[in-house]
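Undergrad: My questions will all concern the structure given below.
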Amino acid sequence: MREIWLGNLPEHISRQVLYSHFFICGEIDEIDILKQPKGNPLYAFLRFKLTGCTKRAYDIAQALEIDGQKVKVQFSDCNRRGMQIVGDVADYDLTPTNCTTLFVAFSVGLLLPD
């Protein structure tokens, strides 16, 4: 699956705000923000180029709050959203030019070599 659903989003949410939370997961293909009927909170679909990115985004969203609202997250349903969300984008270029995200982690209190 290349897409996640995000719910309980604040009324003023924008594509830029969502992008700022999830761009570290990988290249985003599409962000679609929608409003539920009867004035309920907004929701969005985030579609990535690669399926591995979706799992990272799901994990991040599990603990995400935006403007004090706990974000809900689910993997999108391909029966409702279509088969285009299944599998990686065909012929996606994985050259270093397109793979620019660098994740650096360290343990607190870890002594680094001189």
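The values are calculated or read from the model by the stated rules, or taken from the named source; none is laboratory data. This is a predicted model, so every value here is computed, not measured. Glycine gets a Cβ as well: all are built from the backbone with ideal geometry, and neighbour counts include every protein chain shown.
Undergrad: If the requirement is being among the small types (Gly, Ala, Ser) and touching a Ser or Thr at 6+ places or on another chain (Cβ under 7 Å), which of these qualifies: Gly68, Gly26, Gly7? Lay out the reasoning, then the answer.
TA: Numbers: Gly68 fails: touching a Ser or Thr at 6+ places or on another chain (Cβ under 7 Å); Gly7 fails: touching a Ser or Thr at 6+ places or on another chain (Cβ under 7 Å).
Matching residue, one of Gly68, Gly26, Gly7: Gly26.
Undergrad: For the range 33-69, how many residues meet the condition of being closer than 15 Å to Ser14 by Cα, at pLDDT below 90 and not aliphatic (A, V, I, L, M)?
TA: Number of matching residues: 2.
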